[in-house]
Amino acid sequence: MKIMLASGSPRRYDLLRQMEWDVEVRSLPFDEAETVEEAKEKLSALSDQKCKTVFAETDITLLSACQNENLVCAYNALGKGRAAANTIDTASPVIAADTIVVLGNTILGKPSDASDAIRMLCLLSGKAHQVKTAVAVLYQDKTQLRVITTNVHFRTLEESEIKWYVGTGEPMDKAGAYGIQGKGAVLVERIEGSYDNVVGLPLAAVYEMLLSAGAPV
């Protein structure tokens, strides 16, 4: 089966390829929300019919069911998926995802520089946080949206460990400034939930959504 992946993430691409699916990347620019407040404003604009150039009418109902931090990643995932789906003429399912790291009520995005990465890792050290990945599957006339949450517990990190890890360069393109599938694995004490979700795409959930949509998996 051919999959259209609305993401430039090599990690998501590799996870889908594990299923031996034919994956084509179709990642398009999309104005993402970074905070809960921003996501609410964007959803309100959609509801007021001010900017429906990307989203479909049914998308508003799906997004309105999402609360707090879930709305942020859900808005971004569905927006990226819809942007890709609107530009292709194919019967292949479109998959999009967005991953955020949440500590308390704070969303930790990708670090802006090494100092920001150090700051984030200091915040995460010795604490539990949540990794949330929203997945949107668009196939024929069906649109599905789910948010999967994994609890991640960090070891208490020494300052030297944090500086070493940031020095590897690995944190710079990752939400929360770490990658559990790489050297960042040594920072994690344990997780509760899907490992693939922390990497960036909960594969079991994706499979279930494709089945539910009637895709020939």
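Since every read-out is calculated from the coordinates, none of them should be taken as a lab result. Quick caveat, the model's predicted, so the values are computed rather than measured. In this analysis, Cβ positions are derived from the backbone assuming ideal geometry, glycine residues included, and neighbour counts consider all displayed protein chains.
The residues of the stretch 200-217 that are of a type in the set (A, V, I, L, M, F, W, C) and surrounded by 18 or more Cβ atoms within 10 Å (Cβ to Cβ), listed by number, are Leu201, Leu203, Ala205, Val206, Met209, Leu210, Ala215.
Of all the numbered requirements in (1) touching a strand residue (DSSP E or B) at 6+ places or on another chain (Cβ under 6 Å); (2) assigned to a loop (DSSP other than H, G, I, E, B); (3) among the aliphatic types (A, V, I, L, M), Ala205 misses one, and that requirement is (2). Residues of the stretch 70-89 being touching a strand residue (DSSP E or B) at 6+ places or on another chain (Cβ under 7 Å) and either in a loop (DSSP other than H, G, I, E, B) or hydroxyl-bearing (Ser, Thr, Tyr) (or both), which ones? Across the stretch 70-89, the qualifying residue is only Ile88. On the basis of being within 25 Å of Gly8 (Cβ to Cβ) and without any contact (Cβ under 8 Å) to a residue 12 or more places away in the chain, does Gly184 make the cut? Judged against the criteria, Gly184 is not a match. Taking the listed residues Asp196, Asp173, Asp141, Asp116, the one that is without any contact (Cβ under 8 Å) to a residue 40 or more places away in the chain and among the acidic types (Asp, Glu) is Asp141, with no other qualifying.
When the residues of the stretch 58-76 are filtered to those that are in contact with a Leu (Cβ under 7 Å, 6 or more places away or on another chain) and not hydroxyl-bearing (Ser, Thr, Tyr), the one that is surrounded by the most Cβ atoms within 10 Å (Cβ to Cβ) is Ala74.
Conditions (1) farther than 23 Å from Leu63 by Cα; (2) aromatic (Phe, Trp, Tyr); (3) crowded, with 17+ Cβ neighbours inside 10 Å; (4) out of contact with any helix residue (DSSP H, G or I) (no Cβ under 9 Å at 6 or more places or on another chain), marked per residue:
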{"position": "Gly109", "(1), (2), (3), (4)": "no, no, yes, no"}
{"position": "Gly126", "(1), (2), (3), (4)": "yes, no, no, yes"}
{"position": "Thr133", "(1), (2), (3), (4)": "no, no, yes, no"}
{"position": "Leu145", "(1), (2), (3), (4)": "no, no, yes, no"}
{"position": "Thr156", "(1), (2), (3), (4)": "yes, no, no, yes"}
{"position": "Glu189", "(1), (2), (3), (4)": "yes, no, no, yes"}
{"position": "Gly193", "(1), (2), (3), (4)": "yes, no, no, yes"}
{"position": "Val198", "(1), (2), (3), (4)": "no, no, yes, yes"}
